[in-house]
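Before any comments, here is the structure.
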Amino acid sequence: MRILWLKSELLHPLDKGGRIRTYQMLKHLRRQHDVTYLSFVRPDDPPEAFEKANEYCHRLVTVLLRETRKFGARFYYDLILSLASPLPYAILKYGLMEMRNAIERELCERDYDVVVCDFLATSINLPPRLGCAAVLFQHNVESMIWKRHFETQNRGLKRAFLKGQWRKILRYERETCRGVDAVIAVSEIDRDRMRGEFGLPEVYDVPTGVDTSYFSPVRAALDPLELVFTGSMDWIPNQDAILYFAEKILPIVSRTIPACKLTVVGRNPGPALLQLERSDPRIKVTGRVEDIRSYVARASAYIVPIRIGGGTRLKIYEAMAMGKAVISTTVGAEGLPVRNEEDLLIADDPEEFARAIIRVLRDAPLANRLGENARAAVCAKFGWEAAANCFAEICERVAGQRSRRQAA
């Protein structure tokens, strides 16, 4: 099978969930299928991003994208201009004639079986008529994330803006999902949600995996009072999770365990998180690190206080594979086949979440049992090769259906 894979970025460094999932999927797919990876690149992309592309594709085709710096004057100017567009800003900013031309050139010059749009944003440049099957790989239900984001926002003007963006992305996501040959979700929950809300006849799900040889228990000096969170800190749900934890949950924990602290590990923390670190000595924000495993290894518990996420959280599987006790909200563990009180602890309101943390920090046998169960579960069920094989089978089926329709 010949695959044209559309992406908004190169995959290295592998420092966020979407990149990791795509990398692992493609690394296995390229062993049996011909993969062309067509992506935006930025002027500041590191050399390794280009040098390591052959790990996941046979051909790399790139288009330069000069992004507006977040929170600068031009950024806010572009936001205001986008209000007049029927498209949400998160999609509109990726619409570029150079990318459309590059896609059309590839489709004219090479005989592809399937085009994969990786994340919703890449679909904006897809030609309206294709000679092959089109598959949308949905790591999240984007409209659900935006809905949860505006629902948790208290500031009136920002809430109104987010509500408008939610309505736009809901309309765009529904129309795009209906316009492709198939949609692939990353969990059964997301699959059923899109099937019901968007009326999709061809929507599938592939399991989320984890590299259990890389993420494994590490012998390290354990800090009995340290919590850890990992993730891309320029992603809104992650930033919201830490601000929410610091304001609502940590003060409750501190009444019982005053020395409890949190380390936040992940790239591009914004001004709000950096200010939080300066104002609260209990919280350390590392920024990007080469290897998160040492930070996870020394913590006594891994927390996922996410309120507005979507898709599946690779971070939970990584922590489980390292044998860590995990405390998560229902949204944080959404889409993962995990068992409360067996593989991890689920808690939603601040009091309940704080009590779960206190239980784990004070009860070493409980923490050990949760960690052992978690490690056993991911090793038994969640490998990347199975996920990639499932993905390939879906693409082959959809491509075959498209060929038969064209022949008829």
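The values are calculated or read from the model by the stated rules, or taken from the named source; none is laboratory data. This structure is a prediction, so every number in the text was calculated from the model and none was measured. Heads up, the Cβs are rebuilt from the backbone with ideal geometry, glycines too, and the neighbour counts pull from every protein chain shown. Note: accessible area is taken over every heavy atom of the protein model, side chains too, but ligands, DNA and RNA are not part of it. Shrake-Rupley method; radii C 1.70, N 1.55, O 1.52, S 1.80 Å.
Just want to confirm a number: the relative contact order over region 261-341, from Cα pairs under 8 angstrom separated by 6+ residues, in percent. Spell out each step's value before the answer.
On the way: 97 pairs, mean separation 20.9, N = 81.
For region 261-341, the relative contact order is 26 percent.
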**Prompt:** When the Karplus curve 6.51 cos²θ - 1.76 cosθ + 1.60 is applied with θ = phi - 60°, which whole-Hz ³J(HN,Hα) does each residue of region 180-194 get, with x for Gly and Pro?
**Reply:** 9, 6, 7, 10, 10, 9, 10, 7, 5, 5, 5, 4, 5, 5, 5
**Asked** If you take the beta carbon distance between residue 368 and residue 255 as r and set R0 to 25 Å, what does 1/(1 + (r/R0)^6) give as a FRET efficiency, to the nearest 0.05?
**Response** 0.45
**Item:** Approximate spin-label separation residue 223-residue 109, in nm, with each point projected 7 Å along Cα-to-Cβ
**Value:** 5.2 nm
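Scan region 39-76 for trypsin sites (Lys or Arg not before Pro) in coil per DSSP, keeping those whose Cβ has at most 13 other Cβ atoms within 10 Å, and list them by number. Before the final figure, lay out the partial values.
Numbers: sites: 52, 59, 66, 69, 70, 74; in loops: 52, 66, 69, 70.
Answer by residue number: 66, 69, 70.
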**Item:** Answer label, with semi-axes √(5λ) of the Cα gyration tensor in Å calculated from the coordinates and candidates (1) 36, 25, 20; (2) 42, 22, 17; (3) 34, 26, 25
**Value:** (1)
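For residue 348 and residue 290, compute 0.36 nm times the residue count separating them, minus their Cα-Cα distance, and round to one decimal in nm.
Working: separation 58, 0.36 × 58 = 20.88 nm, distance 3.14 nm.
Net length gain for the segment: 17.7 nm.
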**Prompt:** Mind listing which trypsin sites (Lys or Arg not before Pro) in region 178-249 are in a DSSP loop and have 16 or fewer other Cβ atoms within 10 Å?
**Reply:** 219
**Item:** Accessible-area order (highest first, 1.4 angstrom probe) of the listed residues 78, 190
**Value:** 78, 190
**Request:** Evaluate E = 1/(1 + (r/R0)^6) for residue 100 and residue 73, where r is the Cβ-Cβ distance and R0 equals 22 Å; express this FRET efficiency to the nearest 0.05.
**Result:** 0.20
**Virtual spin-label span in nm between residue 34 and residue 406, 7 Å along Cα→Cβ** = 1.4 nm
**Message:** Could you sort 177, 390 by their accessible area in this structure, using a 1.4 Å probe and putting the largest first?
**Reply:** 390, 177
**Message:** I'd like the Karplus ³J(HN,Hα) series for region 268-276: coefficients 6.51, -1.76, 1.60, θ = phi - 60°, whole numbers in Hz, and an x wherever there's a Gly or Pro.
**Reply:** 6, x, x, x, 5, 6, 5, 5, 4
**Request:** Return the whole-Å distance between the Cα centroid of region 373-408 and the Cα centroid of region 280-295.
**Result:** 35 Å
**Message:** Multiplying the sequence separation of residue 280 and residue 268 by 0.36 nm and subtracting their Cα-Cα distance, what value in nm do you get?
**Reply:** 2.4 nm
**Message:** Relative contact order of the chain, please, whole-number percent, based on alpha carbon pairs below 8 angstrom and at least 6 residues apart.
**Reply:** 16 percent
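Can you give the FRET efficiency for residue 157 and residue 84, using 1/(1 + (r/R0)^6), R0 = 22 Å, r = Cβ-Cβ distance, to the nearest 0.05?
Numbers: r = 18 Å, r/R0 = 0.80.
Given R0 = 22 Å and the Cβ-Cβ separation, E is 0.80.
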**Message:** In whole Hz and in residue order, list the ³J(HN,Hα) couplings for region 314-319 that follow from phi through the Karplus curve 6.51 cos²θ - 1.76 cosθ + 1.60, θ = phi - 60°; x for Gly and Pro.
**Reply:** 4, 4, 5, 4, 5, 5
**Message:** Could you compute the longest span of the chain free of chymotrypsin sites (Phe, Trp or Tyr not before Pro) located in DSSP loops and having at most 12 other Cβ atoms within 10 Å, not counting the site residues?
**Reply:** 215-408
**Request:** Could you list the trypsin sites (Lys or Arg not before Pro) in region 134-177 that lie in coil according to DSSP, counting only those with at most 13 other Cβ atoms within 10 Å of their Cβ?
**Result:** 155
**Prompt:** Pairs 248/315; 16/147; 93/324; 52/158; 163/248; 16/52: which are spaced more than 28 Å apart, C-alpha to C-alpha?
**Reply:** 93/324; 52/158
**Request:** Can you grab the distance from the C-alpha centre of region 153-175 to the C-alpha centre of region 53-85, Å, no decimals?
**Result:** 20 Å
